[in-house]
Each structure stands twice: as structure tokens, then as C-alpha cells.
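Visitor: Okay, here's the structure, questions in a sec.
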Amino acid sequence: MKTTLTVNGRSHQVEHDARRTLLDTIRDDLGLPGTKKGCDHGQCGACTILLNGERVNSCLCLTAMHDGDDITTIEGIGSPDRLSALQKAFVEKDGYQCGYCTPGQIMSATAMLREVSEGAPSYVSGDLDGAALTDAEMAERMSGNLCRCSAYPLIREAILMASEAET
Amino acid sequence: MKDHFTMDEPQPRVLDETKQGVIGTPMDRPDGARKVSGTAGYAADHKVEGMAHGVLVRATISRGRVTDIGRASVMDLDGVIEVVTDPRMTRNPAQGMAGEAPVQPGDDVHYHGQPIAVVVAETFEAARDAAQRLVVTYRKEDAASDPDATPDTEVGDPETAGDFDAAWAKADVRLDRTYTTPSQVSAAMEPHAAIAEWTDGRVELRSSLQMVRFNKAELADTLGIDADRVRILSPFVGGGFGSKLGLGPEAVAAAIASEKLGRPVRVVMSRQNVFDAVLRRSETRQRVRLGASKDGQLLALSHDDRVSNLDGEGFAEPVSQASQFLYRADGLSFTQTVARIAATPAGSVRAPGEAVGMVALEAAMDELADELGVDPVELRLNNLPDTHPMDGRAFSTRRLADCLQDGAARFGWADRWTRGTRREGDWLIGMGVASAARSNMLVKSAARVRLQGDRAVVETDMTDIGTGTYAILSQIAGEMLGLSPDRVDVRLGDSDLPGASGSGGSFGASSAGSATFLAAKRIRRDIARKLGCPEDALTLQNGRARGDNREADLSELIDQELVGEAEIEAGKTDESHFSAGFGAHFAEVAVNEWTGEVRVRRMLAVMSMGRILNEKTARSQALGGMIWGIGTALTEEVQSDARDGHVVTRDLANYHVPSHADVPGDMQVVFLEERDDWANPIQTKGIGELGISGAGAAVINAISHATGHRTYDCPALPDRVISSLAP
């Protein structure tokens, strides 16, 4: 099968097995291994990407269903010598240990900050009019991203730091 | 030439005298930018030309023999290259530091989930499809898979000091309790992965491994080739926690398939494979008996346990390890029973022994304090031994009392209310404490340091599994050579480099760090000679050497590369002194009176664990351990089918590692200053495992304080908490 994807601003036509997931396409066909496979079942969040601006688990997306879609991966967020505010904050706060879930955490947090700024409520929000970026809000909204090294408190400190740097 | 050093006597505190001033600082990790940008290369990330994809096939019986692998059932599928079986394939990962092949079962099946073949195809999808469709024929045999019911047990000899029975008989208060903890798994976020490629009879393996020096020997022995024909690369490891100590079956399968097919092969375990075929932590059944006098002196302490493993595995979870040195008593006794079952074998998972053993011991101490009517902190303070209770060795350094007292003050322990009396709406509130303890080790390690002008390179096969090795080795070499750590490159995880301890048992930083220290020290000698001053007069700082009124920039003084290589191993101090990290965990929880849900509201750990090399990465290690404690207390449980031993909870939706929402923001860590001169020449102790040791018990004790009732089975799931409340 052939599918056309725009990834990090570049258009790619990929030929692939009908069973191929976006995750494997991104990692193996497009040579962007920053997106990680932790479970291949949508349970860990390590494969989080932005699909047309929304965060999704790329392991749960079949490539064939995304012709013409726009994708951002961790490589599109920043490179080692040009890190985003969130990436810098993860380094400064030690919001990681082994680093394997980190691209997913950062992709998820990138989208989450936008969701909060747009007023999207979460399960722990007091009402439907949105909420401030409290620790409880971050914990709730980031719970789709597991970190077995358990850097959770530091990940949330990093997200808060980055959000403050941007406002 | 390699300097060899044996730890035979206490060592001077050189790192307190050097002038660069980077030891202990909360420096960012040098590998950080790569990790946050997705450019750190983990095992499966590498793209190798012509690579084929392998998927492991698991046995679906718990004991017996494969009579036909069913190759014909899949060979017609598009893209399938081969179904590879081989007598050299391994049934499970090697145990930590084995250095030899794991059991190679041939056609025999020893447990449900055992890898029995690898299907190799042109694409991952084709290999996965074929592995699932493969029609395997077995001859089944009966085997016991229930650890509680199997008749096949090995009862160890009791380890004793004093006369337990006599001390027990004399006690005014006797507590006899049984606690259970379930099987647990490491569940590192990176599934086990390997890419193997053969060139001119030599195999290069990229795999996610914690102990490259041992893994190299394991692969050579498994394949039946000389070790010099094996190279292993493991520069980034996506979490280990014990699960990647030993060479795994995916690596062996990749190496064999690649050899047979004459092309590179990648084998990545599915998450389900990881649950099935990677060593788990044994479930435990623990009986703790504490006998005390009315005034709160422990007289008798016994901690007996029952764990399980598969035949042929020498490992048994050392459940009572900390119970043997934490408290004093007139009579102590420890007996272990190992049940043999046909099920996924058991091995090391973060802090083997202490992680689960201290849950029982520290819960029992809490209960004893309640029975005696004394404060749980006081009970612990009143029963600290003068020397190791089992063998009489002196403690090297132990600030457990300071940790308990400092932690109590910081946590507001004095304001603790009567058990079961604080309520906020539907929530019952409680505070708990537990001691933390984890024995400290030094494992043979080598490292090489190269100094080129005012830049240095550290080379060792040591790994960084998230622990911060890249950071701390650059700090140690930088400190010793008077260089900013950003002028030190650290090369790790390559078996062609000097062999280190690897990452395990919290001994990595001390062992590989000491080797790096000694290698750099060797170079200091050469610098002093070049400068023309005695070594003890030499000061190195910011790329400048000073001594005896002479001064020079290293960039000018060092006109050709200086190389220092050193190896360290444990020696006589280990016989004379017992070294362990100590600390105190405090937790506050809220328990929902109607649902039994437990929320951790805050935790504090105060720890004394030798010299801190990097305050930032040390804190992360400690926090990680504490959160594993939350998992132990509240969420984590492998459930297996007692009939055939197959793992039921074989993914991350069914095995619950703590998530963001399980962990409060208020997680505090305090390090008390300490130098362990008897441990190693950099005065450090292990950190990563101390954080978990006792942490779960603090949460369990807080639940009991909140509700006024005890739970004896971990994790304290809502149904267990609710039933503990029933009259």
C-alpha cells in the first residue's frame, strides 16, 4: 500500500504492509526512532505523537488510515542543540531517568499545555470551564504516559517550569 | 599498564581535597539533550542494512516437549524467511552476574510462555503473524504451577544468632504475623531487544543489557564460541531494574538466527513476551515473629519466608536480608523455603530481598509498637544493634537514628494523632513510618581514562540504565583532573572497553566510579611528574595544574595523551566492616471509608547513603524507589493461573505500575551527609535500591494508622482494605 504523510513539515510517500502502524512507519520506514515502542497496545504512551495537532498513541494508528495527515514527532519539537522550552526543562529538572518514555512524555505534555490553555476540562477540573495548571491537573492529564523509572514529580515540575517560561 | 587496587583498608577522602568542586553538584546529565530529543540510540533504534525481523514464539503448555514446531504451517506466508529453532536457544534470561549460558532446554518446555522458536520474516508484521499462526505440537506432562500448593519444596537450614526459642519464651509481648506479597515485574519501559550481525565469524550484538562484561561471557558460552568473537553494545538502556542483568532469550535468538540466515536480525520482545519470559520477582509468604520486653526491647526476631522459582535457577529472593542486620535481639532466626514450580522463573527485581522483605518486617515493627503503646519511631531507635547482629561485624557508617529523628521532625511526626481518629469527609487520614536499609557492595570494576590536553575520555563497559552513570563518571574524572565535566566524554556499554561491574545491586556508581577515580588518580601522578612536583602537592582546577610554585595549563603541559587504567575489587574491609545504606521513609495517606481506595498524599525519605556524587540524579534514583514502594503497597500484582502457571496480567493495562495520578507532587528526599571510608575510595554507597527498601511499608503502616486496621496482603487493593475494616 502507499500512503502520503507529512512528518515534521516534510512530505513522505511510504509503501507499507496493510498491517503497519504509524509507529512502525515512523520508526522504521522514515528513520525517526525517537518515537518509542513500549507496549504496542496503547497502554504506556511512549509512542505519543501529534496527529493533526492532537496527541495520539501512534501504535494504535494504522498507517493506511492516515493518508494526507500531518504528524509531528519528537524530532520535530527540537534537536539536541535547539531544544524546546519543555525539552530544556526536562533536562534541568531531571524529568527522566532512562529516557525511554521521555519523547512520549514531552509530546504528550506539549499537547496537554495547549489543551489547558484552550480551556479543555479534565476529570479533576472543578467545572467545565477549564482549569489552572495545578499539580493535580497535570497528574490527571499526563496519566496516559507511564514512566517506570518514576520521574513523575520531576516531569510535572518540568512541565510547570516550561509553561511558566512561555507565559 | 593497569593499576590494581584491593579495598583492604579505609581510604582517605581525596574527593574532599580536590579543587574542581563538581562532586555532589546537581549537574544536568550530559546525555540529557539526546534523551529529550529522541536521539539517544536504544537497542532497537538502529537501522542495519538488510535487517530481517524476528518474533519469538512462546510455549503454550507448562511442561513437556515440542514434538513438531510446525514449520510448514507458516512457510507459505508472504515474507516469512524461516522458523528458527536451535539447541543453543535459552529458556530465560541469565541470572545476574552468571557469566555463563542460562538453561538450554532443547525441545523441552519448562514453563508456559517459554520462547521455543523465533520466526524470521522480511517485515515485522509478517513475522508476528507467522509466530501467532504457527501450529506447534506438544507432548504434555503434568507439573505443579501453584507456589502455595506444590509439594516440591526445598527448606533451607535456619540462619541463627543466639537462641530464638529461649528469647521468644521470655518475651512479655509476642507478635506472630504472616504477610504476603505477590509476584512483581520490573516492567522497564523499553522491551527487551536485540540486533545481531555476524562479520568474519564475529558477532556484534546491540542489546538492552545492564552488565555487559557478564553478558559477553554469557553469549559466548551460549553460542559455544570464544569470548573474543563477541562484541556487545549497550550505550543506552531503557530501564532495567534487574530485568536486563542477564543476557535474554531475544538476544540469543537474534544471534542464532542471524548466523543461520547470514544477515542481521532484530528481535524485540512484545510487552507480553516480557511478562512471560523475563525473570519476575517471586511472590512471598512471610512469617515474622517479634518478641519484646514490656519496656520495648526486642528479645526475639524471626523472619521465615517461602518463595518460588523454576527448577535449575539458583536464585531465591533473599527476603530476610535486611531483617538480619536492622535490629538487635537476643535470639534471631531466619529460614527460607523455595517452592519449585513450572512457571516463569524468578530473579532480581529492584532491591531483591529488601523490597518485599522490609514490607513485612517494618509492618510487624509498627504493629509491635501499637501493642507496646510506644511510638513507632521510638521503638526503632531503641532497638538498633551495636554491631551486625548475625556476624558481629562493625557497621562502617550508619546514620539510621539521625534519619529517623530528622525525618520525624521534618514530617511533623510529633503532631501524629491517635490511630483511626482523623477524618476528612469520606477520607480517613494516616501517617506511617518505616526504616530503610539496603546492603552496600563493591564489585570488581575496571575503567580507563585518557587525558588529551584539557579534555578527557572515560572508557568502560559500564552501563547507564537511567541511573546517571554518564553524569557521575564525567564528574569524578573532571574532579580528579581539574576539568569541567563538559570537557570529559564518557563512553559506556561497549564490551571492547575495560570491564566494569555493570548496573545492578546499586553497586554500579561505587564500583565503576571507584575504577574511574583510580584511573584518573594514576594520571594525576603523571601530571605531577611532568609539572615537576610531588603528587600530593598537585592541584588541578579549571584546566590548570599547580604545585611547588610551578603552574601550567594542561593544554600546554600535556603534549601527548596520558592514559590511566585501573581495576578495583573488594578486600579486607568487607570482612571487618558491614556497609549498608540507611534511611527513614514517612508517608501520609487518605483512605476512602466506602471504597477502600488509598491515595498517597505525601512522602518523605531521609537517607544517609555515603557521599552523593550528583545531587540531582541521586534524588531521581531515590524518588524512583519511593514510587516503586507505592506500587508495591498499592497497585502491583502479577496474577497467574494456578493450573498452568501462565501469566494472566501480561500487559501494562493489567499489571499496574504507578502512573502520574498515583503519585503526589509532594515527594521529598533529604540526604544526610556521610562518607563511608570502608566502602570504597570515593566513600559512596548505593542509592537506587535504598529508595524502595521500606517505602512500601511506610505506606502500608499509614493505611493502618488511618483506618485502625491492618492489611496483611500486598498490594492493599480496595477490596482488601474494605475487608480489613469489617468487624
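The values are calculated or read from the model by the stated rules, or taken from the named source; none is laboratory data. As the structure is a prediction and not an experimental result, all values here were calculated from the model. When we count neighbours, we look across all protein chains shown, and the Cβ atoms used for this are built from the backbone with ideal geometry, even at glycine. In case anyone asks, the SASA skips ligands and DNA or RNA and just uses the protein heavy atoms, side chains included. Shrake-Rupley method; radii C 1.70, N 1.55, O 1.52, S 1.80 Å.
Visitor: Within region B:710-719, restricting attention to residues that are surrounded by fewer than 17 Cβ atoms within 10 Å (Cβ to Cβ) and in contact with a Gly (Cβ under 9 Å, 6 or more places away or on another chain), which residue is nearest to B:Ile429 (Cα to Cα)?
Guide: B:Pro718
Visitor: Which residue, of B:Ala545, B:Ala528, is part of a helix (DSSP H, G or I), out of contact with any Lys or Arg (no Cβ under 6 Å at 6 or more places or on another chain) and closer than 30 Å to B:Glu9 by Cα? Show your work before the answer.
Guide: On the way: B:Ala545 fails: part of a helix (DSSP H, G or I).
The match here is B:Ala528.
Visitor: Can you name every residue in region A:1-34 that is of a type in the set (A, V, I, L, M) and outside any helix (DSSP H, G or I)? Don't jump to the end; show me each part of the working.
Guide: Of region A:1-34, the ones of a type in the set (A, V, I, L, M) are A:1, A:5, A:7, A:14, A:18, A:22-23, A:26, A:30, A:32.
Answer for region A:1-34, where residues must be of a type in the set (A, V, I, L, M) and outside any helix (DSSP H, G or I): A:Met1, A:Leu5, A:Val7, A:Val14, A:Ala18, A:Leu30, A:Leu32.
Visitor: Kindly state which strands (runs of 3 or more DSSP E) lie completely within region B:1-117 and contain at least 1 residues that are surrounded by fewer than 18 Cβ atoms within 10 Å (Cβ to Cβ) and basic (Lys, Arg). Give the derivation first.
Guide: On the way: elements: B:2-7, B:52-58, B:64-68, B:80-84.
Once the strands (runs of 3 or more DSSP E) in region B:1-117 are filtered for at least 1 residues that are surrounded by fewer than 18 Cβ atoms within 10 Å (Cβ to Cβ) and basic (Lys, Arg), what remains is B:2-7, B:64-68.
Visitor: Identify the residue in region A:91-106 that is touching a helix residue (DSSP H, G or I) at 6+ places or on another chain (Cβ under 6 Å) and farther than 24 Å from B:Gly493 by Cα and, among all such residues, is most open to solvent (accessible area, probe 1.4 Å). Show your work before the answer.
Guide: The first filter runs over region A:91-106 and keeps only residues touching a helix residue (DSSP H, G or I) at 6+ places or on another chain (Cβ under 6 Å), leaving A:91, A:93-97, A:99, A:102-103, A:105-106.
If we keep only those that are farther than 24 Å from B:Gly493 by Cα as well, we get A:93, A:105-106.
On the way: A:Lys93: 67, A:Gln105: 1, A:Ile106: 0 Å².
Going through the qualifying residues, I end up with A:Lys93.
Visitor: Let me ask another. Restricting attention to region B:345-395, report how many residues are in a loop (DSSP other than H, G, I, E, B), within 13 Å of B:Gln297 (Cα to Cα) and of a type in the set (Lys, Arg).
Guide: So the answer is 0.
Visitor: Scan region B:205-219 and give yes if some residue there is within 13 Å of another protein chain (Cβ to nearest Cβ) and open to solvent by 10 Å² or more (accessible area, probe 1.4 Å), otherwise no.
Guide: Yes - at least one qualifying residue is present in region B:205-219.
Visitor: Looking only at region A:61-93, how many residues end up being more than 16 Å from the chain's Cα centre (by Cα), touching a residue at least 12 places away in the same chain (Cβ under 8 Å) and part of a helix (DSSP H, G or I)?
Guide: 5
Visitor: In the set B:Arg619, B:Arg675, which member is within 20 Å of the chain's Cα centre (by Cα), at pLDDT 95 or above and open to solvent by 10 Å² or more (accessible area, probe 1.4 Å)? Lay out the reasoning, then the answer.
Guide: Working: B:Arg675 fails: within 20 Å of the chain's Cα centre (by Cα).
Unique residue meeting the criteria: B:Arg619.
Visitor: What's the number of the condition B:Glu569 fails, among (1) open to solvent by less than 40 Å² (accessible area, probe 1.4 Å); (2) in contact with a Leu (Cβ under 9 Å, 6 or more places away or on another chain); (3) touching a residue at least 60 places away in the same chain (Cβ under 8 Å)?
Guide: The number of the failed condition is (1).
Visitor: Any idea how many residues of region A:102-132 are outside any helix (DSSP H, G or I) and touching a strand residue (DSSP E or B) at 6+ places or on another chain (Cβ under 6 Å)? Lay out the reasoning, then the answer.
Guide: The first filter runs over region A:102-132 and keeps only residues outside any helix (DSSP H, G or I), leaving A:118-132.
Next cut, touching a strand residue (DSSP E or B) at 6+ places or on another chain (Cβ under 6 Å) only: none.
Of the residues in that region, 0 qualify.
Visitor: Looking at (1) more than 8 Å from every other protein chain (Cβ to nearest Cβ); (2) open to solvent by less than 50 Å² (accessible area, probe 1.4 Å), can you tell me which one A:Asn52 breaks?
Guide: (2)
Visitor: For region A:134-152, give me each residue that is surrounded by fewer than 24 Cβ atoms within 10 Å (Cβ to Cβ) and either at pLDDT below 95 or closer than 18 Å to B:Val36 by Cβ (or both). Please lay out each step first, then the result.
Guide: Narrowing region A:134-152 to residues surrounded by fewer than 24 Cβ atoms within 10 Å (Cβ to Cβ): A:134-137, A:139-140, A:142-144.
Correct list: A:Met142 only.
Visitor: Would you confirm, using the coordinates I've provided, whether B:Ala33 is among the small types (Gly, Ala, Ser) and within 7 Å of chain A (Cβ to nearest Cβ)? Before the answer, list the steps.
Guide: On the way: among the small types (Gly, Ala, Ser): yes; within 7 Å of chain A (Cβ to nearest Cβ): yes.
The answer is yes for B:Ala33.
Visitor: Continuing with the same structure: May I ask you to list the residues in region A:11-66 that are within 24 Å of A:Ser143 (Cβ to Cβ) and aliphatic (A, V, I, L, M)? Lay out the reasoning, then the answer.
Guide: Keep residues of region A:11-66 that are within 24 Å of A:Ser143 (Cβ to Cβ), which gives A:21-23, A:26, A:34-61.
Within region A:11-66, A:Leu22, A:Leu23, A:Ile26, A:Ala46, A:Ile49, A:Leu50, A:Leu51, A:Val56, A:Leu60 qualify.
Visitor: If you don't mind, another one. Condition test on B:Pro158, is it farther than 30 Å from A:Asp24 by Cα, without any contact (Cβ under 8 Å) to a residue 24 or more places away in the chain and not aromatic (Phe, Trp, Tyr)? Walk me through it before giving the result.
Guide: Values: farther than 30 Å from A:Asp24 by Cα: yes; without any contact (Cβ under 8 Å) to a residue 24 or more places away in the chain: no; not aromatic (Phe, Trp, Tyr): yes.
Taking the combined requirement at face value, the residue does not satisfy it.
Visitor: Go through (1) buried (at least 24 other Cβ atoms within 10 Å of the Cβ); (2) of a type outside the set (A, V, I, L, M, F, W, C); (3) assigned to a helix (DSSP H, G or I) and name the single condition B:Gly466 misses.
Guide: For B:Gly466, the failing item is (3).
Visitor: In addition: For region B:103-140, give me each residue that is of a type in the set (Asp, Glu) and either at pLDDT below 95 or farther than 21 Å from B:Gly645 by Cβ (or both).
Guide: B:Glu122, B:Glu125, B:Asp129, listed by residue number.
Visitor: Out of everything in region A:94-116 that is closer than 16 Å to A:Leu50 by Cβ and among the small types (Gly, Ala, Ser), what residue ends up being farthest from the other protein chains (Cβ to nearest Cβ)?
Guide: Across region A:94-116, the extreme among qualifying residues is A:Ala111.
Visitor: Those residues that are over 17 Å from B:Ser506 (Cα atoms), charged (D, E, K, R) and at the interface with chain A (Cβ under 7 Å from one of its Cβ atoms), I need them from region B:615-659; list them, please.
Guide: Result: B:Asp651, single match.
Visitor: Among the residues of region B:622-660, write down those that are of a type in the set (Val, Ile, Thr) and open to solvent by less than 20 Å² (accessible area, probe 1.4 Å).
Guide: B:Ile627, B:Ile630, B:Thr632, B:Val638, B:Val647, B:Thr649, B:Val657
Visitor: Taking region B:175-204 as the search range and keeping residues that are over 30 Å from A:Leu146 (Cβ atoms), of a type outside the set (Ser, Thr, Tyr) and touching a residue at least 40 places away in the same chain (Cβ under 8 Å), which one is surrounded by the most Cβ atoms within 10 Å (Cβ to Cβ)?
Guide: Here is the first cut: in region B:175-204, the residues over 30 Å from A:Leu146 (Cβ atoms) are B:175-178, B:197-204.
From the residues that got through so far, the ones that are of a type outside the set (Ser, Thr, Tyr) too are B:175-177, B:197-198, B:200-204.
Imposing the further condition that a residue be touching a residue at least 40 places away in the same chain (Cβ under 8 Å) reduces the set to B:175-177, B:197-198, B:203.
Numbers: B:Leu175: 18, B:Asp176: 12, B:Arg177: 16, B:Glu197: 23, B:Trp198: 19, B:Val203: 21.
If we take residues in region B:175-204 being over 30 Å from A:Leu146 (Cβ atoms), of a type outside the set (Ser, Thr, Tyr) and touching a residue at least 40 places away in the same chain (Cβ under 8 Å), then B:Glu197 is surrounded by the most Cβ atoms within 10 Å (Cβ to Cβ).
Visitor: Can you pull out the residues in region B:403-421 that are at negative phi and either in a loop (DSSP other than H, G, I, E, B) or crowded, with 17+ Cβ neighbours inside 10 Å (or both)? Show your work before the answer.
Guide: As a first pass, look at region B:403-421 and keep what is at negative phi: B:403-411, B:413-419, B:421.
Once the filter is applied, which keeps residues that are at negative phi and either in a loop (DSSP other than H, G, I, E, B) or crowded, with 17+ Cβ neighbours inside 10 Å (or both), region B:403-421 yields B:Cys403, B:Leu404, B:Asp406, B:Gly407, B:Ala408, B:Phe411, B:Trp413, B:Arg416, B:Trp417, B:Thr418, B:Arg419, B:Thr421.
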